[in-house]
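Participant: My questions all concern the structure below.
The values are calculated or read from the model by the stated rules, or taken from the named source; none is laboratory data. Here the structure is a predicted model, which means the values were calculated and not measured. Cβ: placed from backbone, ideal geometry, glycine included. Neighbour counts: every protein chain shown.
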Amino acid sequence: MKDLDQYSPDELKALLADEGWDTPLAPVQRQQLKPWQQGVFWALRIYVVIMCIIVLWAFTSGVHA
């Protein structure tokens, strides 16, 4: 298998065309979440913050032990 720099520019262009990588991607737009989904994401954020606080507390109390 050749490294990327061992291919000629024409070979790379042919590969990109064969794989469809030379066409632009479809536009992506934000999806409106349902209220219950927004609630789940807020709960996840709160959970992550609480877990970070617990880890920091455990680390600081372990350093002093």
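Participant: Just to be sure I understand, how many residues within the range 50-65 are under 22 Å from the mean Cα position of the chain (by Cα) and either of a type in the set (D, E, K, R) or surrounded by fewer than 10 Cβ atoms within 10 Å (Cβ to Cβ) (or both)?
Facilitator: The qualifying residues number 0.
Participant: On to the next question. Please go through the range 1-44 and pick out each residue that is loosely packed, with under 10 Cβ neighbours inside 10 Å and of a type in the set (D, E, K, R).
Facilitator: Correct list: LYS2, ASP3, ASP5, ASP10, ASP18, GLU19, ARG30, LYS34.
Participant: Right, next: Determine whether TRP21 is at negative phi, aromatic (Phe, Trp, Tyr) and modelled with pLDDT of 95 or more. Talk me through it step by step, then tell me what you get.
Facilitator: On the way: at negative phi: yes; aromatic (Phe, Trp, Tyr): yes; modelled with pLDDT of 95 or more: no.
Taking the combined requirement at face value, the residue does not satisfy it.
Participant: Return the residues of the range 16-65 that are hydroxyl-bearing (Ser, Thr, Tyr) and more than 30 Å from LEU4 (Cα to Cα); say none if nothing qualifies. Full working, then the answer.
Facilitator: Step one: filter the range 16-65 for residues hydroxyl-bearing (Ser, Thr, Tyr), giving 23, 47, 60-61.
Result: TYR47, THR60, SER61.
Participant: Is it the case that the range 46-57 has a residue that's in a helix (DSSP H, G or I) and aromatic (Phe, Trp, Tyr)? Give the steps one after another, and end with the answer.
Facilitator: Just the residues of the range 46-57 that are in a helix (DSSP H, G or I), to begin with: 46-57.
Within this subset, residues satisfying the condition of being aromatic (Phe, Trp, Tyr) are 47, 57.
Checked the range 46-57: at least one residue is in a helix (DSSP H, G or I) and aromatic (Phe, Trp, Tyr).
Participant: Could you look through the range 1-42, keep only residues that are in a loop (DSSP other than H, G, I, E, B) and of a type in the set (A, V, I, L, M), and pick out the one that is farthest from the chain's Cα centre (by Cα)? Steps first, please.
Facilitator: Applying the first criterion (in a loop (DSSP other than H, G, I, E, B)) to the range 1-42 yields 1-3, 7-8, 20-34.
The next check asks that each one be of a type in the set (A, V, I, L, M); those that pass are 1, 25-26, 28, 33.
On the way: MET1: 29, LEU25: 18, ALA26: 19, VAL28: 15, LEU33: 19 Å.
Ranking the qualifying residues of the range 1-42, first place goes to MET1.
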